[in-house]
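Input: a single structure, listed below in structure tokens.
Every number in this text was worked out from the coordinates using simple rules, so none of it is lab data. Owing to the predicted nature of the structure, the values given are computational and were not obtained by experimental measurement. Cβ coordinates were reconstructed from backbone atoms using ideal geometry, including for glycine residues, and neighbour counts include every protein chain displayed.
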Amino acid sequence: VRILLVDDEADIREQLGRVLAEQRYNVDTAGDGEKALDRIFDQPYDLIVLDIMLPKRDGLTVLKEIRLSGIRTPVLMLTARGKIDDKIRGLDQGADDYLAKPFSVAELLARVRALLRRASENAAPILKAGDIELNTISREVRSSAGSIQLTPKEFSILEFLLYNKNRAVSRFSLAEHVWGEDFDPFTMSNYIDVHVKNLRCKIGDFDGTLIRTIRGIGYIIQEEDR
Amino acid sequence: LNIRHKITLWVAGAGFLTSLVLSLVVFLEMREQPFRILDSDLAYAAASLAERIGKEQRPSGEGRVNALSFEGKEYWAKVYSQDLRPGWQSDLSHVVDLPLYRNMGDDGYTVRVYVSRQIAHLHQGKRGEVHFRVRVIEAQIGGAPHLIQIARPMEELQEEIADLQSVLGMGLGASTVLLVIVSYVFAGRIVKPVADINRLTKEINENTLGKRIPLGASHDELYELSDSLNRMFDRLQYSFAKQKQLLANASHELKSPVAMLRLFFDEAAQRKDLPQVFQHQVISQGEHVLRMDRLVKNLLELSVLELKDSLTPEEFSLTDLVQSVLEDFSLILTEAKIRLDVDLPGNLNMIGDKDKIRRMLINILDNAIKYNAENGEIKFQAIERDGFIHLSLNNTGPGIPKDDLEKVFEQFYRVEKSRSLRYGGAGLGLAIVREIVRLHHGKVSIDSAPGAWTRIDVTLPRHLGA
């Protein structure tokens, strides 16, 4: 899977590049709009992570240009919070999702995985861990015992943990993801534990072997790929 | 006492004093005038009497001039020789006796006598009193020096003086009333621009810094004052804008470094090969970074709200919005053992910026939960009345002291510092609420007391811009 990461800050390129590479993605980077366009027209990517604030050509111009030339690669825009105009313009011009800086690694990885799954038509939209199967499109959860009814919040937590399989996810990141950025994650993260407790009951993970608690941080779903 | 009354009082007072002095001078002058005329008339009469006596008879002789009259007026006259032997005397002097004062110099003197008998042309008073103006004049008669004591009754002179007094008094009163009226009207005209300036200065606040005082046509001191005030508002507006811009720029610039730090700590927390002490440190430092992240986001949001006066209005169901926000909080309320009481009409629609109204609801509810008590209560009520939507949120809790009430809407104001440290980005929530409500042309207020319920009231026009 090839991902192009476009950001004008070298430190962020390096850091995010390493995170994505650790997830076994093939990552190319570009520091400005023109380099980004060069790379996009040079070779096909599965996903483009595009910052809006860029030197030479800004992110929206780059997006417009690649959509005009018929490239339908999914684009995840990185933007500043509160700039509602950017959000709307980005989505109008064909961005598939957007993420406000600063964001958690877990959130980025979840969005990247969701976009990649949506884009590849032949990949099943199903996330698995243990005997739990989660369908990201029909929003159904099944176990070997049958269908499980989850509240939207519980579904959201499970989905987020599955997208971040084998990575520890902090309560804070979970709160940010589940409730969105309008809520104060410091207030909400205090109640993540309650939701996780209910979730564990419903999926039959009574001893916390599937969703493991990591003290002081949060939760992890750990499973070696088979 | 306001300025208008003061000016009126001073002008009318000064005017009254001036006219009082003027009236006194006029009065005194007018009172002296008839006596002077009378005195010179008497001197003239004495001279002509002396001339006549000298012509008609010898001064020592017994001859008489029977009736001495000038222009039909009766005079009282006695002629004395040098050694005060009486000589000729007029008819009137036989009836009326007047005292002789020789040391009056050139002036005449006034004498009041009672005449019991009624005499024609002698305008006696009720008890027969008559005022005489008397002069004693030295004259040469037949070559020898004589004294002539000559007098005239003063008729209605006293009455005329009394008339003069009352006329002057009335004039004084009338002019004072006129002065008060004129100066009151005038003071009003002078003070009016001051009142305008005052009203506008009160109107101009943090949010209406663009307003200016209209300048008058005449370039007087008040024009200067208005101009100076306007310049001051210019400077204030400039520095306010600069401060807001600084906040916006600072929070914008902070974004990237904070994003970097977040990525770093997120990754560091994943590492399993770190010594445990170090891992704990990474986690606790990571919390601080999250707090900073939250703060930067809120600051940026607040500065965007302040700088861009733009909303994206749409029609939406406030009922649904409130319910979805309450749904998001529902588990938290259960966990925190807070009882929620909602009074919400089923079909409350409004036109406004839905995202921002949602943010506002979240912030006030978040506040009501954070600062609540164990086994506390929250009451939420929404009603629509006269085109306005009134939201009120009551919560139990420690309450807020009266002095702090206004400040809770200020940036970074926290009533209870220690409690708030558990939460990130606190101190901006209600400031954001205030900005959102302001952008919707609504009102927000808070009421509380230590130990009492805390109540937040939000009033929003149902149709933004209508």
Can you give me the C-alpha center-to-center distance between the range B:311-371 and the range A:3-70, rounded to a whole angstrom? 38 Å
Grab the eigenvalues of the alpha-carbon gyration tensor for the range B:123-162, scale each by 5, take roots, and send me the semi-axes largest first in whole angstrom. 31, 10, 6
In nm, spacing of pseudo-spin labels at A:Ile137 and B:Asp341 (7 Å Cα→C-beta vector): 5.0 nm
A convex hull over the alpha carbons of the range B:250-323 yields, per residue, a volume in Å³ of 139 Å³
For the range B:82-162 the trypsin sites (Lys or Arg not before Pro) that pass both the DSSP coil test and the at-most-14 other-Cβ-within-10 Å test are B:Arg102, B:Arg117, B:Lys126, B:Arg127
Enumerate the whole-percent occupancy of each 10 Å bin, from 0 to the last occupied one, for all C-alpha pair distances of the range B:229-291. 19, 29, 19, 15, 11, 6, 1
Find the all-direction average of the projected area of the Cα convex hull for chain B, expressing the result in square nanometres with one decimal place. 45.8 nm²
0 to 90° range, to nearest 10: angle between helix B:429-439 axis and chain B longest Cα axis: 60 degrees
Shielding by partners - mean other protein chain Cβ count within 10 Å, residues of A:168-174: 4
Provide the percentage of antiparallel DSSP beta bridges, counting only those with both residues in the protein assembly as shown; round to the nearest 5. 75 percent
Angle between the Cα long axis of helix B:354-370 and the longest principal axis of chain B, 0 to 90 degrees, nearest 10? 90 degrees
Of all DSSP beta bridges with both partners in the range B:269-414, the antiparallel percent, nearest 5, is 70 percent
Express in whole angstrom the spacing between the alpha-carbon centres of the range B:1-55 and the range A:193-226. 115 Å
Those chymotrypsin sites (Phe, Trp or Tyr not before Pro) from the range A:123-222 that are DSSP loop and have at most 12 other Cβ neighbours within 10 Å turn out to be A:Phe206
Pairs from A:Lys153/B:Lys308; A:Lys202/B:Lys379; B:Lys202/B:Lys308 whose Cα-Cα separation, in the structure shown, is over 28 Å: A:Lys153/B:Lys308; A:Lys202/B:Lys379
Just checking the output field for A:204-216: average partner chain Cβ neighbours within 10 Å of each residue's Cβ? 1
For the pair B:Ala174 and B:Ile3, how long in nm is the line joining their label points, each one 7 Å along Cα→Cβ? 3.4 nm
What do you get when you divide the Cα radius of gyration of the range B:166-266 by 2.2 N^0.38 Å, with N the number of residues? 2.16
Among the GluC sites (Glu not before Pro) within the range B:195-288, which fall in a DSSP loop and have no more than 14 other Cβ atoms within 10 Å of their own Cβ? B:Glu206
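How much of the DSSP beta bridge set in chain A is antiparallel, as a percent to the nearest 5?
Numbers: 16 of 34 bridges.
Around 45 percent of the beta bridges assigned by DSSP in chain A are antiparallel ones.
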Principal axis lengths of chain A from Cα atoms, whole Å, largest first? 54, 39, 30
Relative contact order of chain A, defined on C-alpha pairs under 8 angstrom at six or more residues apart (%): 13 percent
Computed curve, the protein assembly as shown, Cα-only Debye sum without solvent term, log₁₀ I(q)/I(0) at 0.08, 0.11 Å⁻¹, is -0.79, -1.18
Relative contact order, percent, chain B [alpha-carbon distance under 8 Å, six or more residues apart]: 10 percent
What ranking, highest mean first, results for peptides B:24-32, B:444-452, A:98-106 when packing means the other Cβ atoms within 10 Å averaged over each residue? A:98-106, B:444-452, B:24-32
Computed over chain B: longest principal axis from alpha-carbon atoms vs helix B:3-56 long axis, angle to nearest 10 degrees, is 10 degrees
